[in-house]
Amino acid sequence: MSETQFKAFIFQLSHKLILIISLTTSLAACGPDQNPIGKVNSDEYLSTQRRTGNTKLINQGQQNPIAVPYTISGSQKIFNNMRHEMESVTDVLLAKTIESVIITLTDDNGERVTKAPARAEISVQLKSVHAGLPKKLNFSAKLTKKDQGRIATGIAQSDITPSNFPFTADLKCHEDNCRVIEVRLKKYPVGTNLAKVTSITPFGQVGILYRFSYPKMRIQHSRDTDGLKGELFTELEKSVNTSQPIRTSVVVVNGPSYSNIQVENILELDTELLDTEETSIDITSVKTRGSAKFDGKLKGNDPSSGSLIVDLKDQSTQEIARLYFEEEDDEPTASPTLTPTAPTQPKGKSSSPVIPVITDSRSTSIPTTTSSNSDSNRTPTIVAPSPNTANKTLFKVKLDATALPETTRVSTAFANYATDPQVQKFVRSWLGEPGQVGCKNTKGSYQNTPQGLATLTQFLTYTPNVAPHLERVVEKVDVTPEVGYLLLLESGYSKNPSYPTQERSSRSTALGPWQILIGTALDIRKGTNPVVPFQIFKNNDPRDDRTYFMNSTYMASLYLENLFDQFKEDPALAILAYHGGPGSAAQAERKTSTYSQFNTSLSEIQKYNIQTKTNCNFLNYTYTFLAARTIGQNLEFYGLDNITPAKTDAYKTRLKSPNGTLPAGL
């Protein structure tokens, strides 16, 4: 096996905890993050806290491979405390030479145990890159109970070669059963008498965090199948409620990180723990008890909790299944609360919106910011408008599960996003909170994020002129009128009565209030049954239905109807797909296929960092829409119900095409 792959990943469990982890990354490709913590925003700070400080080059068949960071695997506070304490003494080169770690826990008689161990055996395999570095370090020690955990300090290395650097190790279990183990290796000059190390300062140290867990597993089949077919997948499906996966992980400060997962004797996975924001990661090893061969991809990685998403593909049948390994938070903390600030002026006269403020009494080293709730370990309890609360709204939604089932379903799903921490960050941005929200794309820039309170106010001022017409059109298709918030993102039409609906976008073939691409428009026309004879022209022709509000709204709602049907489990992804547009087939496939193959929700995409950087513009667009919808459908709650609509006849000019097609009654 090549040096750009794992050498081996062997895990054995018979009343024992053993993890062997291999390092196969080039030293030239490795290096700690260079961003000084005090000079980055809170989201960037949190990102550094979830990474080990080491990277691996991923080629992807490109001329310029990308450096993908290794991540932690839960126990974020413990790891970063260790990192902070060892910041000035870590031997980065040594950290990158660690090939494997084996920890065996036993009782006093040497019998392997999984609870309340009395002794620990540690074996660390090193990749010798310079003289004096041994290939293996072995340590054996009796554990002493301390507080709620167990410790052993100053453990001398066994079998020292006189010409090599000698080592000692400190071990700390953070609870009685040693599920989370901290190991600190200390390197001394050649010839050092380890019996006298208390008076000698080590000249290199490495921190290792070992974690043993029992994740909850669930499995999904792809959207294009009606169930799991293969023997392995059906067996895994049956084992979801009967088997307990076993997982071991090792994370090295400024070094690599890896996990091994076993599902009884059915499946064993070995994977590097790499950031999945930009790309999915090839699973190092997939072992099954059958003869079938499988490929694996690490699709999602939530470093804060350690949860993972893995896609497995049967090489012979090409069937794909998605496995979720969901970890519990092993550092539970009290949740902060988020409440709206009371208006300073009497109701109806307030000139400022109500911006929710996070109240958090817990101490934190995170730079002070009102958006620190992006850390999934710090998810706030958000006081947000209830979906059932009577409130002044921009668009009137008829919730009738019998007459308008899809409108009711989608509108309810949108309302439930009001308490999503990411949506609330975008809400605060719309309401004028300074600073950037969302993610940076691969070019390092923010796109499709809220444009601020002034833009939102313009939208709320002028949209009432067209909202009733929109509501009438979408009701004919059973699409929620809340799709009208797309107008805020797509064009200046609903913010400016003088918006030139006949002018095409300078960057594409998009045209009109909904900025529908010509390819999308042709697909919509072709996909209707019976065919709706929309008038569509390649040039800026004034007869084009896309340039008339009601006709283009009909076109957009037919398209959205199809997307909402495709993304039944989470309509928010239909908004992401709308931004992709099938008219630009290559782009749409590249961007939206990442999320359309399985029933993975928008919240899970965010939690597991599923190509969130590669698809950043699309995700920002979706959260910007959801935040605008949250505000606009809860104007009273956010103190914006006092905005007076500006009535104008300007919107009547190109409201409805004299020759276009609309549903009966319009």
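The values are calculated or read from the model by the stated rules, or taken from the named source; none is laboratory data. Please read all numbers here as calculations on a predicted model, not as lab measurements. Note that we place each Cβ from the backbone using ideal geometry, even for glycine, and neighbour counts take in every protein chain shown. Ligands, DNA and RNA are stripped out before the accessible areas are found, and what is left, the full protein with its side chains, is counted by its heavy atoms. Shrake-Rupley method; radii C 1.70, N 1.55, O 1.52, S 1.80 Å.
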**OP:** State the Cα centre-to-centre distance between the stretch 119-162 and the stretch 531-548 in whole Å.
**Re:** 74 Å
Subject >> Amide H contacts of residue 55 (H built 1.01 Å from N, under 5 Å, at least 5 apart or other chain) >> reply: 31, 70
Original post:
Which number do you get for Rg(Cα) / (2.2 N^0.38 Å) in the stretch 256-330?
Top reply: 1.09
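Stick to the Cα atoms of the stretch 389-478, pair each with every other, and give me the Kirkwood hydrodynamic radius in Å at one decimal.
Numbers: mean 1/r = 0.0644 Å⁻¹.
It works out to 15.5 Å.
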Original post:
Per residue, how much space in cubic angstrom lies within the convex hull of the C-alpha atoms of the stretch 410-565?
Top reply: 138 Å³
Subject >> Rg to Rh quotient for the stretch 40-173, alpha carbon positions, Kirkwood Rh >> reply: 1.03
Subject >> Solvent-accessible surface (1.4 angstrom probe) belonging to residue 219, in square angstrom, nearest 10 >> reply: 30 Å²
Original post:
So what J values fall out for the stretch 542-552 if you push phi through Karplus, 6.51 cos²θ - 1.76 cosθ + 1.60 with θ = phi - 60°, rounded to Hz, Gly and Pro as x?
Top reply: x, 7, 4, 4, 5, 8, 9, 4, 5, 5, 5
Subject >> Binned Cα-Cα distance frequencies in the stretch 118-237 - 5 Å width, integer % >> reply: 2, 9, 17, 16, 12, 9, 6, 6, 6, 6, 5, 3, 1, 0
Subject >> Exposure rank, largest accessible area first [153, 71; 1.4 Å] >> reply: 153, 71
Original post:
What is the magnitude of the charge dipole of the stretch 74-126 about its Cα centre, with +1 placed on the Cβ of each Lys and Arg, -1 on the Cβ of each Asp and Glu, and no other charges, expressed in debye to the nearest 20?
Top reply: 200 debye
Original post:
So, in nm, how far is label residue 214 from label residue 648 when the simple model puts each one 7 Å beyond its Cα toward the Cβ?
Top reply: 6.4 nm
**OP:** Please list, or write none, the lysines whose alpha carbon is within less than 18 Å of the alpha carbon of residue 443, excluding same-chain residues fewer than 8 places away.
**Re:** 591, 613
Original post:
Each residue of the stretch 255-271 in turn: what ³J(HN,Hα) in whole Hz from Karplus with 6.51, -1.76, 1.60 and θ = phi - 60°, glycine and Pro shown as x?
Top reply: x, x, 8, 8, 9, 10, 10, 10, 10, 6, 9, 8, 8, 9, 10, 10, 8
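Return a whole-number percent for the relative contact order of the stretch 523-666, with Cα pairs under 8 Å and 6 or more residues apart as the contact set.
On the way: 104 pairs, mean separation 44.6, N = 144.
Relative contact order here is 31 percent.
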**OP:** Would you pull out the residues with amide H under 5 Å of residue 661's amide H, same chain only if 5 or more places away, H placed 1.01 Å from N?
**Re:** 535
Subject >> Restraint check, 476/656; 495/652; 96/127; 77/127; 77/115, Cα-Cα greater than 18 Å >> reply: 77/127; 77/115
Original post:
Residue separation times 0.36 nm, minus the C-alpha to C-alpha distance between residue 543 and residue 317: what's the value?
Top reply: 76.4 nm
Subject >> residue 490 accessible area, assembled protein chains, probe 1.4 Å, Å² >> reply: 40 Å²
**OP:** Compute the whole-percent fraction of alpha carbon pairs in the stretch 456-501 spaced more than 18 Å apart.
**Re:** 26 percent
Original post:
Sorted from largest down, what three extents in whole angstroms do the Cα atoms of the stretch 218-259 have along their principal axes?
Top reply: 44, 26, 14
Original post:
Once amide H atoms are built 1.01 Å from N in the peptide plane, which residues 5 or more positions from residue 204, or in another chain, come under 5 Å H to H?
Top reply: 187
Subject >> Pairs beyond 29 Å (Cα-Cα), from 238/607; 396/425; 398/440; 297/526; 146/607; 229/568 >> reply: 398/440; 297/526; 146/607
Subject >> Distance between the stretch 174-241 and the stretch 437-483 - C-alpha centres, whole angstrom >> reply: 45 Å
**OP:** Compute the projected area of the convex hull of the Cα atoms of the stretch 588-666, averaged over all viewing directions, and report it in nm² to one decimal place.
**Re:** 9.8 nm²
Original post:
Relative to the Cα centre, what is the charge dipole magnitude of the stretch 450-517, using +1 at the beta carbon of each Lys and Arg, -1 at the beta carbon of each Asp and Glu, and rounding to the nearest 20 debye?
Top reply: 220 debye
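So what are the stretch 228-297's ellipsoid semi-axes, whole angstrom, largest first, if each one is the square root of 5 times an eigenvalue of the alpha-carbon gyration tensor? Could the numbers behind the result be given before it?
Working: eigenvalues 122, 42, 23 Å².
That gives 25, 14, 11 Å for the three semi-axes.
Over the stretch 126-176, what is the relative contact order in percent, taking alpha-carbon pairs closer than 8 angstrom and at least six residues apart?
In percent, rounded to a whole number, it is 36.
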Subject >> Residue-wise HN-Hα coupling along the stretch 653-666, computed from phi with Karplus coefficients 6.51, -1.76, 1.60 (Hz; x: Gly, Pro) >> reply: 4, 10, 6, 9, 6, x, 10, x, 10, 9, x, 4, x, 10
Original post:
Which is farthest toward the positive dipole end of the stretch 215-284 among 269, 255, 243, measuring Cα position about the Cα centre, with Cβ charges +1 (Lys, Arg) and -1 (Asp, Glu)?
Top reply: 243
Original post:
Counting only the heavy atoms of the protein chains, how much of residue 98 is accessible to a 1.4 Å probe, in Å² to the nearest 10?
Top reply: 10 Å²
